[in-house]
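Below is one structure, written out as structure tokens; comments come after it.
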Amino acid sequence: MDAELDAVRKLFDRASTVELVAAVIRERIIKGVYLPGERLAEDALVKSFEVSRNSLREAFRLLSHERLLEHKMNRGVFVRKLTVDDVVDLYRVRKFVECNAVRTLTERPKLADDMVAAVAAGDLATTSEDWRGLGTANMMFHQAVGELADSPRVDELMRNILAEMRLVFHAMEDPQRFHEPYLERNKEILAAIEAGDGPRAERLLLKYLEDSEQQIVSAYRSA
């Protein structure tokens, strides 16, 4: 059995095979293993996961519903390529969710520990010049921000949003130049969160998201 699938199964022992396979593929998209426009080889995945073809196709359908994959007639299943409109909508949702999650903070939340770990992972990735890893650490940070809402539904929404964001990041020709400055801004946001200063955290986060959106939209339009 695929090691990733086995690891996910241990975390979600009540999940169906379809959900487990979808979770692994989603995680690979988040980590940048699968690239926009890449065709997912059905035969290879069936063999790797040791699941039925029907289970894999159900997982594909689930991820297509999440706008991560798309089926092209007589060609197969591909990782989606997002549009400018997709980017704008993703950031619209991120601003709403993340800014609301920090706005009312008055003390250091327990989940700040997850943000500290994400920042440390970002520092490590920077030291090793692993820019894809830095992007992943950045998404770990913002997943933890979303978790401040204390809602399983928001957690699921953020996982899906951040998976789509990974597809967006591939539009940036220089990942170091794009990701590296945001690590320092994550540290600023974290300092405000640890101080329990919700309004400051919200202001920093909103400006962060606005700047990131502008950069990516510009890259898309230039391309």
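The values are calculated or read from the model by the stated rules, or taken from the named source; none is laboratory data. Note that the structure is predicted; figures quoted are calculated from it, not measured. Reconstructed Cβ throughout: ideal geometry from the backbone, glycine too, with neighbour counts over all protein chains shown.
List of remarks:
- Residue in region 76-89 that is surrounded by the fewest Cβ atoms within 10 Å (Cβ to Cβ), counting only those that are closer than 22 Å to Ala59 by Cβ and more than 17 Å from the chain's Cα centre (by Cα): Gly76
- Contacts under 7 angstrom Cβ, first residue in region 79-100 being closer than 24 Å to Gly198 by Cα, partner crowded, with 16+ Cβ neighbours inside 10 Å and among the acidic types (Asp, Glu), 6 or more apart: Leu90/Glu164; Tyr91/Glu213; Cys99/Glu202
- Among all residues of region 164-185, there is none that is within 19 Å of Val97 (Cβ to Cβ) and among the polar types (S, T, N, Q).
The rows are residues; the columns are (1) under 18 Å from the mean Cα position of the chain (by Cα); (2) at pLDDT 90 or above.
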site	(1), (2)
Ser16	no, no
Ile25	yes, yes
Arg28	yes, no
Lys47	no, yes
Glu58	no, yes
Leu68	yes, yes
Asn100	no, yes
Arg108	no, yes
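- The lone criterion from (1) assigned by TED's automatic domain parsing to the domain that holds Ile189; (2) surrounded by 15 or more Cβ atoms within 10 Å (Cβ to Cβ); (3) among the charged types (D, E, K, R) left unmet by Arg92 is number (2).
- Check on Glu180, assigned by TED's automatic domain parsing to the domain that holds Ala112, crowded, with 19+ Cβ neighbours inside 10 Å and over 17 Å from Leu90 (Cα atoms): no
- Restricting Leu63, Leu68, Leu20 to those that are crowded, with 20+ Cβ neighbours inside 10 Å and either in contact with an Asp or Glu (Cβ under 7 Å, 6 or more places away or on another chain) or closer than 22 Å to Leu205 by Cβ (or both) reduces the list to Leu68.
- Residue count, region 191-210 (criterion: of a type in the set (Asp, Glu) and not in a helix (DSSP H, G or I)): 1
- In this structure, Met172 qualifies as in a loop (DSSP other than H, G, I, E, B), at pLDDT below 95, hydrophobic (A, V, I, L, M, F, W, C) and within 27 Å of Glu66 (Cβ to Cβ).
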